[in-house]
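Down below is the structure, laid out as structure tokens.
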Number of protein chains: 2
Amino acid sequence: MALYVQKYGGTSVGTIERIEAVADKVKSFHDAGHQIVVAVSAMSGETNRLISLAKQIDAAPAPREMDVLVSTGEQVTIALLAMALQKRGVDARSYTGWQVGIKTDSAFMKARIEDIDTANMRQHLDNGGVVIVAGFQGVDDDNNITTLGRGGSDTTGVALAAALKADECQIYTDVDGVYTTDPRVVPAARRMDKVTFEEMLEMASLGSKVLQIRSVEFAGKYKVPLRVLSSFTEGNGTLITTEENDSVENPVISGIAFNRDEAKITVKGVPDIPGVASRILVPVSDANIEVDMIVQNVSDDGSTDFTFTVHRNDYQKALKILNELAGELKAREVAGKDDICKVSLVGVGMRSHAGVASKMFKTLADENINILAITTSEIKISVVIAEKYLELAVRALHTAFGLDAEA
Amino acid sequence: MALYVQKYGGTSVGTIERIEAVADKVKSFHDAGHQIVVAVSAMSGETNRLISLAKQIDAAPAPREMDVLVSTGEQVTIALLAMALQKRGVDARSYTGWQVGIKTDSAFMKARIEDIDTANMRQHLDNGGVVIVAGFQGVDDDNNITTLGRGGSDTTGVALAAALKADECQIYTDVDGVYTTDPRVVPAARRMDKVTFEEMLEMASLGSKVLQIRSVEFAGKYKVPLRVLSSFTEGNGTLITTEENDSVENPVISGIAFNRDEAKITVKGVPDIPGVASRILVPVSDANIEVDMIVQNVSDDGSTDFTFTVHRNDYQKALKILNELAGELKAREVAGKDDICKVSLVGVGMRSHAGVASKMFKTLADENINILAITTSEIKISVVIAEKYLELAVRALHTAFGLDAEA
């Protein structure tokens, strides 16, 4: 007998039929003798509907009241799922964030969980019941309703699993696991059986939007085994774990992430003196523009070229800031490109395998793909290339690193 | 400076535009220096939408979960109204039932308020803020969400007013007050400036569906002055009060209520012995049929005729029960009519004025309207007549008792 926390996202509970299907699934685990705690999102579309009501009143509504408003979405789902389970003879009971005692700080719309009181849940589980918890929400010390921000239901699931010391936190979603890369780009992409938290973090932040990144960090920190699986099909999904794969067949590269919405700005020929990086980047971040990759090369003549990437939506704004700064920075030139993308190899195997970078570069060269910038970390190599080569590059790398599924 | 509790129903907050209009109204009271507590219903249609979601899962969903579900409707409204007031520079703050401390028993879907903790509200009011409370909902001793049943937002308003010792509880609705009778039937019907709780109870139970009857009882019990007024037009509405009108112009009759959906069943010639009434009515109420008027006449030969009225929807069912019972009851005949209606004169002035009944009967006789049954109470006389005479009867009585508005 195991204790599982199962999280079902908005698509998985998007209609009454799907809620009934989730009830069937939960019941099958319960019938098999497991203790089940379920965390659910709002029915898909509901959160957006509520937000649009608020925006009709005020473009920037009070965050406290936003949380009162949007937290109703998950409250609807827990009630409906509890009804569906009770109809199936399962003693299910719903809990809102405040009822289950999910204590958070008071940062409305982006609160962080501080503590979970597990007494109520434990009692209901020990009586043979199923516990259904509203994801995404909590309560602060002054009894204000708080929410964890978009995707916060994943965080709720992981936090519940950590607090209850669950055997596994299962994140049910509309994909059947984490893939070596996006199957829409590489039809031969393979579902991974296992991936490490570190790899998952690199994949998630790079665009494999299966899991909310904070929930992965959280699961890693508390060593909660996390499994991503489909609520629509059978299968074991992908287990995200602290254990590195140490079998002989341990792949060097676990997956290939990519991000299409990139733009790059290069400040050429700035004096290579201390503080130049911050003089370039502080005005950018002051304008609320998030910077992704940062690359700096030293040249011989005491000047340097400084390159960074931003989201394509912020490109024009960032370019304008840098053009205005160019004189003050004594830069020779400010150049930019917004038809670029980023492709990254991710894998803990890189640590123990030399030659990953050179193999990557050779693979791209063989396809005549020019590399515009490179950054590396312990378990990741990222390159910037022209966007038109994205599919070609990802497919070539996927094959070269042995990730293709067997035909 | 006064303390007002204002309750806005579903139609008054049915759209974003209407919520904005309510915010304007609340702000104008607040600007005038009054302390304002607002209780709101769910946006019109929302409660039915939620119930229909539940019914798709289970025809008889668990009451505890129903309350978790439907209580979200009012929670949405409080957040939106708080936002609208904040946009107008008013320090408004929303409270759910559990946040404000509306303690109820555990009778889900029909809970009764046991206690209200006013500390939070008082503090926010004393700081110059407006308090917005979700109507219709509370919390039991085990932190379960409860609801008060349909129309419970009125009860919330009155209970808040009682707990806060408010100067007035103002029920904003889509009519501008309580009328002497239904203006759709009698165009000359007048809005009453004042009506007593007792009169209002007789009017409400007879079909003037302006206020939930429980809230009127509650207001009467705690002597909370209750005012019904329109959220769409200006005006003083109708004040419901404990004070009887003692001016010289005190009308004998305050209003005329009527109910169209009646049916009557007469059990003729049953032996006039103790227990016969209960032997007739217990099987009827066991079948969950509500009985309204009950009339019994003694005849000379030791037998009696027993007449009662039920809702027209229950007529066939009740008739079938009585026909099956007829032999056992030794009844001569069971007869019924479902094309009847009830017309009632209501007024505390009746207590001190003789001749109301005879004037009523004469008025009807002058119009050739036959009376099928009569019951009376301290402040009410009801007659059953054929439904086709309803409008004629109400108009004739309205004129005869001097209720018509001046032209």
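Okay, here's what the table says:
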| quantity | calculated |
| --- | --- |
| Residues that are of a type in the set (S, T, N, Q) and open to solvent by 20 Å² or more (accessible area, probe 1.4 Å), drawn from the stretch B:308-326 | B:N313, B:Q316, B:N323 |
| Every pair of residues 6+ apart whose Cβ atoms lie under 7 Å, when the first sits in the stretch B:285-306 and is farther than 15 Å from B:A263 by Cβ while the second is at pLDDT below 85 and charged (D, E, K, R) | B:V298/B:D272; B:G302/B:D272; B:S303/B:D272; B:T304/B:D272 |
| Inter-residue pairs, beta-carbon under 8 Å, first on the phi > 0 side of the Ramachandran plot and assigned by TED's automatic domain parsing to the domain that holds A:K194 and in the stretch A:213-241, second of a type outside the set (D, E, K, R) and open to solvent by 70 Å² or more (accessible area, probe 1.4 Å), 6+ apart | A:K223/A:T242 |
| Index of the failed condition, B:T156 passing every other in (1) within 11 Å of chain A (Cβ to nearest Cβ); (2) closer than 27 Å to B:Y222 by Cα | (1) |
| Residue count for the stretch B:390-406, restricted to those that are surrounded by fewer than 20 Cβ atoms within 10 Å (Cβ to Cβ) and either part of a strand (DSSP E or B) or in contact (Cβ under 8 Å) with a residue 60 or more places away in the chain (or both) | 7 |
| Where A:D292 falls short, out of the listed (1) open to solvent by 40 Å² or more (accessible area, probe 1.4 Å); (2) over 30 Å from A:K110 (Cα atoms) | (2) |
| Test result for B:L201, in contact (Cβ under 8 Å) with a residue 60 or more places away in the chain and of a type outside the set (K, R) | no |
| Selection count, the stretch A:287-299, where residues are in a loop (DSSP other than H, G, I, E, B) and either touching a strand residue (DSSP E or B) at 6+ places or on another chain (Cβ under 9 Å) or not assigned by TED's automatic domain parsing to the domain that holds A:K342 (or both) | 3 |
| Members of the stretch B:149-177 that are hydrophobic (A, V, I, L, M, F, W, C) and farther than 29 Å from B:S106 by Cα | B:V175 |
| Residues being among the hydrophobic types (A, V, I, L, M, F, W, C), open to solvent by 10 Å² or more (accessible area, probe 1.4 Å) and not in a strand (DSSP E or B) - total across the stretch B:110-154 | 2 |
| Which numbered condition A:D174 fails, given (1) under 28 Å from A:M350 (Cα atoms); (2) open to solvent by 60 Å² or more (accessible area, probe 1.4 Å); (3) within 16 Å of the chain's Cα centre (by Cα) | (1) |
| Residue tally, condition modelled with pLDDT of 95 or more, away from every other protein chain (no Cβ under 14 Å) and open to solvent by less than 20 Å² (accessible area, probe 1.4 Å), over the stretch A:8-25 | 1 |
| The stretch A:205-229, residues that are at pLDDT 90 or above, closer than 20 Å to A:T11 by Cα and open to solvent by less than 10 Å² (accessible area, probe 1.4 Å) | A:L226, A:V228 |
| Residue that is farthest from the other protein chains (Cβ to nearest Cβ), among those in the stretch B:67-100 that are part of a loop (DSSP other than H, G, I, E, B) and open to solvent by 10 Å² or more (accessible area, probe 1.4 Å) | B:G89 |
| Condition met for A:K103 (of a type in the set (K, R) and touching a residue at least 60 places away in the same chain (Cβ under 8 Å)) | no |
| Subset of the stretch B:101-145 [closer than 24 Å to A:Q123 by Cβ and within 12 Å of chain A (Cβ to nearest Cβ)] | B:F108, B:V139, B:D140, B:D142, B:N143, B:N144, B:I145 |
| Lone qualifier among A:M83, A:M66 - being under 24 Å from the mean Cα position of the chain (by Cα) and modelled with pLDDT of 95 or more | A:M66 |
| Yes/no for B:K380 being crowded, with 18+ Cβ neighbours inside 10 Å, charged (D, E, K, R) and in the same structural domain as B:I289 (by TED's automatic domain parsing) | yes |
| Criterion (farther than 28 Å from A:L392 by Cβ and assigned to a strand (DSSP E or B)) met by exactly one of A:V310, A:V270, A:V284 | A:V270 |
| Selection within the stretch B:27-60 - open to solvent by less than 20 Å² (accessible area, probe 1.4 Å), hydrophobic (A, V, I, L, M, F, W, C) and away from chain A (no Cβ under 14 Å) | B:I36, B:V37, B:A39 |
| Inter-residue pairs, beta-carbon under 9 Å, first at positive phi and in the stretch B:154-178, second at pLDDT below 95 and part of a loop (DSSP other than H, G, I, E, B), 6+ apart | B:K165/B:V224; B:G177/B:M192; B:G177/B:D193; B:G177/B:V210; B:G177/B:G235; B:G177/B:N236; B:G177/B:G237 |
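One line per residue, one yes/no per condition, for (1) surrounded by fewer than 18 Cβ atoms within 10 Å (Cβ to Cβ); (2) within 17 Å of B:V252 (Cβ to Cβ); (3) in the same structural domain as B:I280 (by TED's automatic domain parsing):
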{"position": "B:K330", "(1), (2), (3)": "yes, no, yes"}
{"position": "B:G336", "(1), (2), (3)": "no, no, yes"}
{"position": "B:L345", "(1), (2), (3)": "no, yes, yes"}
{"position": "B:K388", "(1), (2), (3)": "yes, no, yes"}
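Quick grid of which residues meet (1) under 15 Å from B:V291 (Cα atoms); (2) hydrophobic (A, V, I, L, M, F, W, C):
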residue: B:N313; (1), (2): yes, no
residue: B:V334; (1), (2): no, yes
residue: B:V346; (1), (2): no, yes
residue: B:T363; (1), (2): no, no
residue: B:D366; (1), (2): no, no
residue: B:A386; (1), (2): no, yes
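The values are calculated or read from the model by the stated rules, or taken from the named source; none is laboratory data. Everything numeric here is computed off the predicted structure, so don't read it as measured data. Methodologically, a virtual Cβ is constructed for each residue, glycine included, from the backbone with ideal geometry; neighbour enumeration extends over all protein chains shown. Note: areas computed on protein heavy atoms with side chains; ligands, DNA, RNA excluded. Shrake-Rupley method; radii C 1.70, N 1.55, O 1.52, S 1.80 Å.
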